[in-house]
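Taking it in order: structure first as structure tokens, then the write-up.
The values are calculated or read from the model by the stated rules, or taken from the named source; none is laboratory data. If you're wondering where the values come from, they're calculated on a predicted model, not measured in any experiment. Please note: Cβ atoms are built from the backbone with ideal geometry, for glycine as well, and neighbour counts cover all protein chains shown.
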Amino acid sequence: MNILVASGPNLNLLGLREPSIYGTATLEQIHQRLHEEADVLGCTVTCFQSNHEGALIDFLQENRTSAAGALLNPGGLTHSSVSLHDTVKSMPFPVIEVHLSNIYAREEWRRHSVISPATRAQVVGFGWVSYLTALRGLVALLRNEEPVSS
């Protein structure tokens, strides 16, 4: 089972850009942690980052038949990209929207995602752990695993 991980504009600057909001982990470190977690979960991840909307769209479209699902952190495109929304909506697999910060506790304009109506779920506000949480949730969803009861 291969999971796509697509990260949008400025996420290549993680660890440097506003660490008080986004943390100190670099995107490379997050990708490494995702690969390690994927090994534990028995799946693979294919990671990609671009500052260009079209490149993110191309990545998803080019991998639509080889992936079981995707994690998407659209970055600033969250609030404006109808094209990325339409691409996510056309995917034959579930897509989980991921944000390091809690976008709903930030500036008013950041609180609206044009992407989220096309996604299966969102994971926000856990810093770099948002990616791992989203991966675990997506794999459980794809395997039709029931939640653990106490």
Mind checking whether some residue in the stretch 128-135 is assigned to a loop (DSSP other than H, G, I, E, B), over 15 Å from Pro9 (Cα atoms), among the hydrophobic types (A, V, I, L, M, F, W, C) and under 11 Å from the mean Cα position of the chain (by Cα)? yes
Selected residue [modelled with pLDDT under 95 and touching a Pro at 6+ places or on another chain (Cβ under 6 Å)] from Gly15, Gly8, Gly76: Gly76
Identify, please: which residue in the stretch 98-127 is under 17 Å from Ser80 (Cα atoms), aliphatic (A, V, I, L, M) and part of a helix (DSSP H, G or I) and is, among those, modelled with the highest pLDDT? Ala118
Among the residues of the stretch 20-63, what is the count of those that are of a type in the set (Gly, Ala, Ser), closer than 23 Å to Val88 by Cβ and not in a loop (DSSP other than H, G, I, E, B)? 3
Failed condition for Gly125, given (1) of a type in the set (Gly, Ala, Ser); (2) under 20 Å from Ser20 (Cα atoms); (3) touching a Leu at 6+ places or on another chain (Cβ under 7 Å): (3)
Considering only the stretch 32-42, state which residues are surrounded by fewer than 19 Cβ atoms within 10 Å (Cβ to Cβ) and within 16 Å of the chain's Cα centre (by Cα). Gln32, Arg33, His35, Glu37
In this structure, is Thr24 touching a strand residue (DSSP E or B) at 6+ places or on another chain (Cβ under 9 Å), polar (S, T, N, Q) and either closer than 17 Å to Gly137 by Cα or surrounded by fewer than 18 Cβ atoms within 10 Å (Cβ to Cβ) (or both)? no
Which members of the stretch 26-46 meet the condition of being farther than 18 Å from Leu72 by Cβ and in contact (Cβ under 8 Å) with a residue 40 or more places away in the chain? Gln29, Leu41, Gly42
Consider only pairs whose beta carbons are under 9 Å apart and that are at least six residues apart or on different chains; among these, list those whose first residue lies in the stretch 67-92 and is within 21 Å of Leu132 (Cα to Cα) and whose second residue is at pLDDT 95 or above and among the basic types (Lys, Arg). Gly69/Arg120
Tally, over the stretch 64-97, of residues that are within 24 Å of Arg143 (Cα to Cα), outside any strand (DSSP E or B), under 15 Å from the mean Cα position of the chain (by Cα) and of a type outside the set (Val, Ile, Thr): 6
